[in-house]
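Engineer: Got a structure here, written out as structure tokens. Questions coming.
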Amino acid sequence: MTEQDRILHHLMHEYDRPIRDPMWKHVYLSEPLVNLLGRPEMLKLTRIRQLGPSYLVYPGATHTRLNHSVGVFHLAKRMIRKVVSEPGCPPLTLTGVRSFLTAALLHDLGHFPYTHSLKELPLTEHEQLAATMITETDLAEQIRTDIGADPEMVASIIDEDREIADRNEVCLYRSILSGALDPDKLDYLNRDAHFCGVPYGLQDVDFVVDQLVPLPDYRLALRPDGIQAVETILFSKYLMYRAVYWHKTVRIATAMIKKALYLSLRDGFVAPGDLYDLDDESFVRVMRDSGSPSARLIQDVWMRRFHKVVDEYRFDPAEASLVALTELEKRTEVEAAIASELRSSSSVPVSESDIVIDIPERISFEVDMPIADGDSIRSFPDAGSVFTADVVREFTASLRRVRVMCRPVPGLDPHAVSAVFRKLV
């Protein structure tokens, strides 16, 4: 039996433990992978909402990181089976495939609560945290002995900054798990749309998987018909950002949480290490008990007491003053300056946490997945897609809105807040 035959036999016969999933129905895991789900690190993911504060707008959006992790594993297994079945598949190992599927299940292991609210903060990336947990705890021995996978390979598939000896095989697994048509994106777009009750994220997964082609140099490519699948994903991603991920109220809640944590970290009320083992409720509790004055912002979000938007307009990357505000430290300085000027001009007790400016990070709609047409390999932008560089830039630009918001403080004129912001910026 060849190694390819051993891999296919493994994929077809060694995953026989069904888990019922609302998105993909029956998901089949192996007994050792089911045992992983019972570990405290994985159980923590059952208490972290996939979409953070989005449930405040979409009450159904209470699905968890563990829901998503199981879905990513399911799609990753379908995709690797398709890749291994292709005649042009480069040499892979059974240990490598086991490591890839373990990485798919554990890829969110290092997530802490409200992750999308915590971007820009001086915190360790969740991929790095996951890799450390996989290689430096007793989880490594469980992966090695029970699953037959390589913990170092698992960690390197998740954390692309890690180096590993057998880079070729790992590169293929990374391109599957973190590419334009990755199982992560396919699951979260479908799952988030399902639980939010919106139609925008739904994808034809069967068609997507059928279009995958492995290249001899350990890259993942698409057949020409797959261009349509990528375009559907990109447009769905745009609509989900517009309607869900960057919904106005979600952005307000996100900015308030970020501001509270930034000030608490800056002033020493909490340390980064205090956050990494928390779930949603324990995060709120730790912040509430930290003694930080800014922690009130998180309690306000928890109780749906949102800051009010007093100024809003499209982000212009040509305006240097706005570009400067994409740096969280500079943004915080301007917020403090606004509060200070309002205190002096109106005698209203405006605190540093009462003023919040939100500028969403730049998101990417660029695709570097090759298109395999017979013996010809073309880049995605050259393959006839409607997603040209100009279209991609416009998609990104149309989503980014600068918002200035303040707590409804008695005696504080919202127009005065906007006027001071415009003067300073």
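Engineer: (1) under 15 Å from MET256 (Cα atoms); (2) surrounded by 13 or more Cβ atoms within 10 Å (Cβ to Cβ); (3) at pLDDT below 95; (4) among the hydrophobic types (A, V, I, L, M, F, W, C): which one isn't true of VAL348, the others all being true?
Structural biologist: Checking VAL348 against (1) under 15 Å from MET256 (Cα atoms); (2) surrounded by 13 or more Cβ atoms within 10 Å (Cβ to Cβ); (3) at pLDDT below 95; (4) among the hydrophobic types (A, V, I, L, M, F, W, C), the one that fails is (1).
Engineer: Scan region 193-240 residue by residue and report those that are in contact (Cβ under 8 Å) with a residue 60 or more places away in the chain, assigned to a helix (DSSP H, G or I) and in contact with a Phe, Trp or Tyr (Cβ under 9 Å, 6 or more places away or on another chain).
Structural biologist: Listed by number, the residues that qualify are PHE195, CYS196, VAL205, GLY226, ILE227, VAL230, GLU231, LEU234, LYS237, TYR238.
Engineer: Also, I was wondering about something else. Being touching a residue at least 12 places away in the same chain (Cβ under 8 Å), at negative phi and not basic (Lys, Arg) is the filter here; which residues of region 411-425 pass it? Give the derivation first.
Structural biologist: Taking region 411-425 as the starting set, the residues that turn out to be touching a residue at least 12 places away in the same chain (Cβ under 8 Å) are 411-418, 420-422, 424-425.
Still in the list and also at negative phi: 412-418, 420-422, 424-425.
Within region 411-425, LEU412, ASP413, PRO414, HIS415, ALA416, VAL417, SER418, VAL420, PHE421, LEU424, VAL425 meet the criteria.
Engineer: Sticking with this one: I'd like the residue in region 364-382 that is part of a loop (DSSP other than H, G, I, E, B) and under 28 Å from the mean Cα position of the chain (by Cα) and, out of all such residues, is surrounded by the most Cβ atoms within 10 Å (Cβ to Cβ).
Structural biologist: From region 364-382, those part of a loop (DSSP other than H, G, I, E, B) are 364-370, 374-375, 379; that's our starting set.
Subset that is under 28 Å from the mean Cα position of the chain (by Cα): 364-370, 379.
Details: SER364: 10, PHE365: 19, GLU366: 13, VAL367: 23, ASP368: 11, MET369: 21, PRO370: 20, SER379: 12.
Here the answer is VAL367.
Engineer: Would you confirm whether any residue within region 24-41 is touching a residue at least 24 places away in the same chain (Cβ under 8 Å), out of contact with any Pro (no Cβ under 8 Å at 6 or more places or on another chain) and over 23 Å from ARG144 (Cβ atoms)?
Structural biologist: Yes: region 24-41 contains one or more residues that are touching a residue at least 24 places away in the same chain (Cβ under 8 Å), out of contact with any Pro (no Cβ under 8 Å at 6 or more places or on another chain) and over 23 Å from ARG144 (Cβ atoms).
Engineer: Name the residue that is farthest from the chain's Cα centre (by Cα), counting only residues in region 110-149 that are at pLDDT 95 or above and either buried (at least 23 other Cβ atoms within 10 Å of the Cβ) or small (Gly, Ala, Ser) (or both).
Structural biologist: Only one residue fits best here, namely GLY148.
Engineer: Turning to a different aspect of this structure: Among the residues of region 18-55, how many are over 22 Å from the mean Cα position of the chain (by Cα), crowded, with 18+ Cβ neighbours inside 10 Å and either assigned to a loop (DSSP other than H, G, I, E, B) or outside the structural domain of GLY148 (by TED's automatic domain parsing) (or both)?
Structural biologist: Residues in region 18-55 being over 22 Å from the mean Cα position of the chain (by Cα), crowded, with 18+ Cβ neighbours inside 10 Å and either assigned to a loop (DSSP other than H, G, I, E, B) or outside the structural domain of GLY148 (by TED's automatic domain parsing) (or both): 1 in total.
Engineer: Looking at region 372-384, I want the residues that are in contact (Cβ under 8 Å) with a residue 12 or more places away in the chain and have a partner that is of a type in the set (D, E, K, R) and not in a helix (DSSP H, G or I) with Cβ atoms under 7 Å, at least 6 apart or on another chain. Which pairs are those?
Structural biologist: Hits for this filter: ALA372/ARG223; PHE380/ASP368.
Engineer: Does at least one position in region 268-289 carry a residue that is exposed (fewer than 15 other Cβ atoms within 10 Å of the Cβ), out of contact with any helix residue (DSSP H, G or I) (no Cβ under 9 Å at 6 or more places or on another chain), part of a helix (DSSP H, G or I) and of a type in the set (D, E, K, R)?
Structural biologist: Taking every residue of region 268-289 in turn, at least one turns out to be exposed (fewer than 15 other Cβ atoms within 10 Å of the Cβ), out of contact with any helix residue (DSSP H, G or I) (no Cβ under 9 Å at 6 or more places or on another chain), part of a helix (DSSP H, G or I) and of a type in the set (D, E, K, R).
Engineer: Looking at region 351-363, can you tell me whether even one residue there is in contact (Cβ under 8 Å) with a residue 60 or more places away in the chain, assigned by TED's automatic domain parsing to the domain that holds HIS415, over 30 Å from VAL391 (Cα atoms) and not in a helix (DSSP H, G or I)?
Structural biologist: Among the residues of region 351-363, at least one is in contact (Cβ under 8 Å) with a residue 60 or more places away in the chain, assigned by TED's automatic domain parsing to the domain that holds HIS415, over 30 Å from VAL391 (Cα atoms) and not in a helix (DSSP H, G or I), which makes the answer yes.
Engineer: At pLDDT 95 or above and either over 20 Å from the mean Cα position of the chain (by Cα) or closer than 28 Å to GLU361 by Cα (or both): is that true of ASP204 in this structure? It would help to see each step written out before you state the result.
Structural biologist: Values: at pLDDT 95 or above: no; either over 20 Å from the mean Cα position of the chain (by Cα) or closer than 28 Å to GLU361 by Cα (or both): yes.
Taking the combined requirement at face value, the residue does not satisfy it.
Engineer: Regarding ALA155, is this residue assigned to a helix (DSSP H, G or I) and free of Cβ contacts under 8 Å to residues at least 60 places away in the same chain? So that I can check it myself, show each step before the final result.
Structural biologist: Details: assigned to a helix (DSSP H, G or I): yes; free of Cβ contacts under 8 Å to residues at least 60 places away in the same chain: yes.
Considered against the rule, which asks whether it is assigned to a helix (DSSP H, G or I) and free of Cβ contacts under 8 Å to residues at least 60 places away in the same chain, ALA155 comes out as yes.
Engineer: Could I ask something else about it? Out of TYR15, TYR58, I need the residue that is over 25 Å from the mean Cα position of the chain (by Cα), surrounded by 18 or more Cβ atoms within 10 Å (Cβ to Cβ), in contact (Cβ under 8 Å) with a residue 12 or more places away in the chain and outside any helix (DSSP H, G or I). Which one?
Structural biologist: Numbers: TYR58 fails: over 25 Å from the mean Cα position of the chain (by Cα).
One residue alone meets the criteria, TYR15.
Yes or no, residue by residue, for (1) outside the structural domain of VAL213 (by TED's automatic domain parsing); (2) within 27 Å of VAL250 (Cβ to Cβ); (3) assigned to a helix (DSSP H, G or I):
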site	(1), (2), (3)
GLY71	no, yes, yes
ALA76	no, no, yes
VAL84	no, no, yes
GLY88	no, no, no
VAL97	no, no, yes
LEU101	no, no, yes
GLY110	no, yes, no
PRO113	no, yes, no
THR124	no, yes, no
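Engineer: Now for a different question. Here is a list of conditions, (1) surrounded by fewer than 20 Cβ atoms within 10 Å (Cβ to Cβ); (2) modelled with pLDDT of 95 or more, and PRO199 meets all of them except one; can you say which number that is?
Structural biologist: (2)
The values are calculated or read from the model by the stated rules, or taken from the named source; none is laboratory data. Fair warning: this is a prediction, and the values are worked out from it, not measured in the lab. Note that each Cβ is placed from the backbone with ideal geometry, even for glycine, and that neighbours are counted across all protein chains shown.
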